[in-house]
Amino acid sequence: MIDGLALGETTPGPLIMIVTFVGFLAGWHALPLGPETLLMSAVLAAVIVTYFTFLPSFVFILAGGSLVESTYGNLKFTAPLSAITAAVVGVILNLAVFFAWHVFWPKGFTGDFDGVAALIGVYALIALFRFKIGVIPVIFVSAAAGLLVSL
């Protein structure tokens with residue numbers, strides 16, 4: 001469980017998915033279906049935990065969707081949401097600059113510039129924006145290029 005939590009802490013978004021891992025471990029150790037169905041017990045527990053983790057979100061979305069739509073055009077509702085959107089974009093931009101700095105200058109600004117990483121980044125940007133290639137293929141090709149260069 002500690003390994004799963006440590007893995008979840010290394011990623012910025014899907015920490016909530018650790019509950020699926022914990023549910024799997026609980027089913028593996030509690031054996032709700034009996035000792036002969038070890039894997040099935042663990043998978044069932046993981047599915048149940050995941051279902052009830054995300055169920056409230058979907059209920060709120062389905063129940064409150066029409067309420068949110070009714071606020072369209074109302075400045076006292078849309079202005080704060082626009083400010084929140086701008087703040088989120090700022091946080092994402094800050095994170096992009098932070099990652100770029102650590103990728104292009106792995107030893108800090110006093111160290112060497114990693115031209116290969118910059119070249120892979122430029123090719124990825126061209127593939128995404130000029131040729132409209134999907135994000136997932138660009139990530140895989142960029143990862144493969146990085147691995148080939150590091151060998």
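The values are calculated or read from the model by the stated rules, or taken from the named source; none is laboratory data. Values in this document were obtained by computation on a predicted structure and should not be read as measured data. Don't worry about glycine lacking a Cβ; one is built from the backbone with ideal geometry, like all the others, and counts go over all protein chains shown.
Assorted remarks:
- Among the residues of the range 64-87, those identified as modelled with pLDDT of 85 or more and among the hydrophobic types (A, V, I, L, M, F, W, C) are L75, A79, A83, I84, A86, A87.
- For beta carbons closer than 6 Å, sequence separation of 6+ or different chains, a first residue in the range 16-39 that is free of Cβ contacts under 8 Å to residues at least 24 places away in the same chain and a second that is polar (S, T, N, Q) and not in a loop (DSSP other than H, G, I, E, B), the qualifying pairs are G27/S41; L31/S41; P32/S41; L33/S41.
- Failed condition for P56, given (1) touching a helix residue (DSSP H, G or I) at 6+ places or on another chain (Cβ under 6 Å); (2) modelled with pLDDT under 90; (3) in a helix (DSSP H, G or I): (1)
- Considering the conditions (1) small (G, A, S); (2) under 29 Å from I18 (Cα atoms); (3) outside any helix (DSSP H, G or I), A96 is excluded by exactly one of them, (3).
- Taken over the range 37-80, the criterion of being farther than 17 Å from T20 by Cβ, within 24 Å of the chain's Cα centre (by Cα) and among the aromatic types (F, W, Y) is satisfied by F60 alone.
Residue-wise test of (1) surrounded by 10 or more Cβ atoms within 10 Å (Cβ to Cβ); (2) closer than 15 Å to W101 by Cα.
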{"position": "V116", "(1), (2)": "yes, yes"}
{"position": "I120", "(1), (2)": "yes, yes"}
{"position": "Y123", "(1), (2)": "yes, no"}
{"position": "I126", "(1), (2)": "yes, no"}
{"position": "F131", "(1), (2)": "no, no"}
{"position": "P137", "(1), (2)": "yes, no"}
{"position": "A144", "(1), (2)": "yes, no"}
{"position": "L148", "(1), (2)": "no, no"}
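- Any hit, the range 29-46, residues being under 29 Å from V91 (Cβ atoms), at pLDDT 85 or above and not aromatic (F, W, Y): no
- Looking only at the range 42-79, residues that are within 30 Å of W28 (Cα to Cα) and exposed (fewer than 11 other Cβ atoms within 10 Å of the Cβ) come to 5 in all.
- Residues located in the range 100-137, provided they are β-branched (V, I, T), assigned to a loop (DSSP other than H, G, I, E, B) and under 23 Å from the mean Cα position of the chain (by Cα): I133
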